[in-house]
Amino acid sequence: PGMVDRVELLGIDLTRERVEVAPTSHYNMGGVVIDVDGRSSLAGLFAAGEDGGGVHGANRLGGNGVADSTVFGARAGRAAAACAAQAPSVTPPREMVKQAAERAGSWWRSSNNGRRPAELVSELKNLMWQRVGVVRNEGDLKAAIADLTRIRHEAERATVVGSREYNLAWNDALNLRNLVEVATMVAHAALLRTESRGAHYRSDYPETDELRWRRNIVLRLGANGDCVATTRPGRRVSSPKAVASSVPGGD
């Protein structure tokens, strides 16, 4: 019923008329590398649900997100509570806090002659759809990575004006940094995986390569701010302890 009402807003009667169906972004089949209790490689940082990688591999059924969040949310919550109870009181270094605040407000120190953040967000979305979308190939992925590097630089020089209170342009600029980082990781992983698996389809490598690519791709931030990729063997689920790092192809 909800979908019938939603489509009716577009002037279409779903009970009698055909509707156009198209792909859309729904879920990143990857995330923070965690153990079965949601621990990441960074001490004190836990992740669960759709933030965690390695559970569903190269695909995820629509209803699995709730079970994923419920199971790993509970495990991560208990583990985080135990960790907090044993951890000493920590105060972030003042210099680190100052640097984070300065970076978040960096647009007010710029010359304000750059592009609008919303314009860059729109360009990023179109780029990912055209170059890193449903059907991928080496040429488009390399072009996308080059454009993402350009967009990252333009984002740091974007025009943000007005007050810092409820400033949507500032929100767009802050979000854009994260969007570019995630998009860059997706493009790098897709370029590296020279096969087709699950929802990842390469027109230049249409077959699944079990011999070379039953592996997980792990991406880390390099010393120069670049994206550094490594791979590790993927495993099938054989016991509850294997769940967090099981199933190949979780990019």
Contact list please: Cβ distance under 6 Å, first residue in segment 1-30 and touching a residue at least 40 places away in the same chain (Cβ under 8 Å), second residue open to solvent by 70 Å² or more (accessible area, probe 1.4 Å), pairs at least six apart or on different chains. Pro23/Val134
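So, of the residues in segment 153-167 that are within 9 Å of Pro117 (Cβ to Cβ) and either among the charged types (D, E, K, R) or in contact (Cβ under 8 Å) with a residue 40 or more places away in the chain (or both), which turns out to be most open to solvent (accessible area, probe 1.4 Å)?
Thr159
Per-residue answers, yes or no, for (1) more than 22 Å from the chain's Cα centre (by Cα); (2) in a helix (DSSP H, G or I); (3) closer than 30 Å to Arg232 by Cβ; (4) not basic (Lys, Arg):
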residue: Leu148; (1), (2), (3), (4): no, yes, yes, yes
residue: Tyr166; (1), (2), (3), (4): yes, no, no, yes
residue: Leu174; (1), (2), (3), (4): no, yes, no, yes
residue: Ala183; (1), (2), (3), (4): no, yes, yes, yes
residue: His188; (1), (2), (3), (4): no, yes, yes, yes
residue: Glu195; (1), (2), (3), (4): no, no, yes, yes
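Per-residue answers, yes or no, for (1) under 30 Å from Ala76 (Cα atoms); (2) at pLDDT 95 or above; (3) loosely packed, with under 15 Cβ neighbours inside 10 Å:
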position	(1), (2), (3)
Ala187	yes, yes, no
Ser196	no, yes, no
Tyr205	no, yes, no
Arg220	yes, no, yes
Asn224	no, no, yes
Val237	yes, no, yes
Ser246	yes, no, no
Would you check if Asp172 is open to solvent by 70 Å² or more (accessible area, probe 1.4 Å) and either at positive phi or acidic (Asp, Glu) (or both)? no
Return a yes/no flag: does segment 52-60 have any residue that is under 25 Å from Met185 (Cα atoms) and either without any contact (Cβ under 8 Å) to a residue 40 or more places away in the chain or assigned to a helix (DSSP H, G or I) (or both). yes
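For (1) among the β-branched types (Val, Ile, Thr); (2) touching a Pro at 6+ places or on another chain (Cβ under 9 Å); (3) open to solvent by less than 50 Å² (accessible area, probe 1.4 Å), each residue gets a yes or a no:
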{"site": "Pro1", "(1), (2), (3)": "no, no, no"}
{"site": "Leu10", "(1), (2), (3)": "no, no, no"}
{"site": "Glu17", "(1), (2), (3)": "no, no, no"}
{"site": "Val21", "(1), (2), (3)": "yes, no, no"}
{"site": "Ile34", "(1), (2), (3)": "yes, no, yes"}
{"site": "Arg39", "(1), (2), (3)": "no, no, no"}
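The values are calculated or read from the model by the stated rules, or taken from the named source; none is laboratory data. These numbers come from a predicted model, not from an experiment. As a convention, Cβ positions derive from the backbone with ideal geometry for all residues, glycine included, and neighbour counts pool all protein chains shown. Quick note on the areas: whole protein, heavy atoms, side chains included, nothing else; ligands and nucleic acids left out. Shrake-Rupley method; radii C 1.70, N 1.55, O 1.52, S 1.80 Å.
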